[in-house]
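Peer 1: Sharing a structure here in structure tokens format.
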Amino acid sequence: MHRNFQLNRPVQVLRYGNRITIKNPGYSLKNEDRFDESGSIIRNPKIAEIVHETRFAETKGSGIRVMRKMMAESGLTEPTFESDRESDEFIATLLFHPFLDEDDIQWLSKFKDIGLTNDQLKALIFVREVGAIGNSVYRSMTKTDTLTASKSFRKLRTLALFSEHGSGRSISYVPDPEMLLRLNNGELSPTIHGKAATMDGSNILTVEHSPPHLRTVVKAVHLSSRLVPESAMQLIEDLCAWRELSLVEISELLVRSPSHVFQSGVLPISPDRSASLI
């Protein structure tokens, strides 16, 4: 009902271990700051009329407000929404669990000495779960304005917790080295001075340590200028089936920086948050 049919792209439903992300061609015609207000702006009125008559949708423009209310009542994290005019895309993300569980609270305790606000702590948890966050998603989560969001991101960059990715309206924030050091409860397990400890006792994990059937595939990645999400996800799953690997170890094997692997959107943060595509 809301998609832009002039774009030759399908609606995508991405199913991860900890969330569902829905990507719809066509940015929202309704301003993001007014998502909680009644009233809708319809892109495809004839389709909207059909889904309304068949009771698949209403015409109040209250869908996002109802979603937020019902998920909050169920003890789940509120959904986040991102409307990107530059890429002409609307993205909805729904996490499967309460926003702050015991593990999250314990992990956040490691940041109590640097004076972060509750909203900034929420951003850390979101990036820990999803891998990146944008200004609009931050505003959606924290109910703040653009200026306040920008100030928060400036502080998080100054503290080397976040780094910028992209430009203009497409800027997002991904983990910087300081945050990466704390992803696995404060450790890049197992590491020695930032380098992974291999099974033969050396300090640097290389492609030569991997099984022969994976070695060729990994070396092919070395020759590529970018990571292709679909094939990279399968390769990472195969590598983790070979042995338990940390973010740093995977980055070393693929000869990519940890931030680049995150930015490519192919790496789950922990084994129980692996990704698959519907």
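Peer 1: How about the stretch 1-57: which of its residues are among the hydroxyl-bearing types (S, T, Y), surrounded by 13 or more Cβ atoms within 10 Å (Cβ to Cβ) and touching a residue at least 24 places away in the same chain (Cβ under 8 Å)?
Peer 2: Once the filter is applied, which keeps residues that are among the hydroxyl-bearing types (S, T, Y), surrounded by 13 or more Cβ atoms within 10 Å (Cβ to Cβ) and touching a residue at least 24 places away in the same chain (Cβ under 8 Å), the stretch 1-57 yields Y16, T21, Y27, S28.
Peer 1: Could you grab me the full set of residues in the stretch 97-108 that are over 17 Å from A123 (Cβ atoms) and at pLDDT 80 or above?
Peer 2: Once the filter is applied, which keeps residues that are over 17 Å from A123 (Cβ atoms) and at pLDDT 80 or above, the stretch 97-108 yields only Q106.
Peer 1: Now for a different question. Taking the criterion of being among the polar types (S, T, N, Q), closer than 27 Å to A132 by Cα and not in a loop (DSSP other than H, G, I, E, B), would at least one residue in the stretch 24-41 satisfy it?
Peer 2: Initial filter on the stretch 24-41 (among the polar types (S, T, N, Q)): 24, 28, 31, 38, 40.
So of that shortlist, the ones also closer than 27 Å to A132 by Cα come out as 24, 28, 31.
From what is left, the residues that are not in a loop (DSSP other than H, G, I, E, B) are 24.
Yes; the residues of the stretch 24-41 include at least one that is among the polar types (S, T, N, Q), closer than 27 Å to A132 by Cα and not in a loop (DSSP other than H, G, I, E, B).
Peer 1: Right, here's the next one. Among the helices (runs of 4 or more DSSP H) confined wholly to the stretch 84-150, which include 3 or more residues that are closer than 26 Å to Y27 by Cα?
Peer 2: Those helices (runs of 4 or more DSSP H) span 118-130, 135-142.
Peer 1: If you scan the stretch 136-150, which residues turn out to be within 13 Å of the chain's Cα centre (by Cα) and farther than 15 Å from R68 by Cβ?
Peer 2: Initial filter on the stretch 136-150 (within 13 Å of the chain's Cα centre (by Cα)): 137-138.
Across the stretch 136-150, the qualifying residue is only Y138.
The values are calculated or read from the model by the stated rules, or taken from the named source; none is laboratory data. The shown structure was predicted, so the numbers you read here are calculated from the model rather than taken from an experiment. Note that each Cβ is placed from the backbone with ideal geometry, even for glycine, and that neighbours are counted across all protein chains shown.
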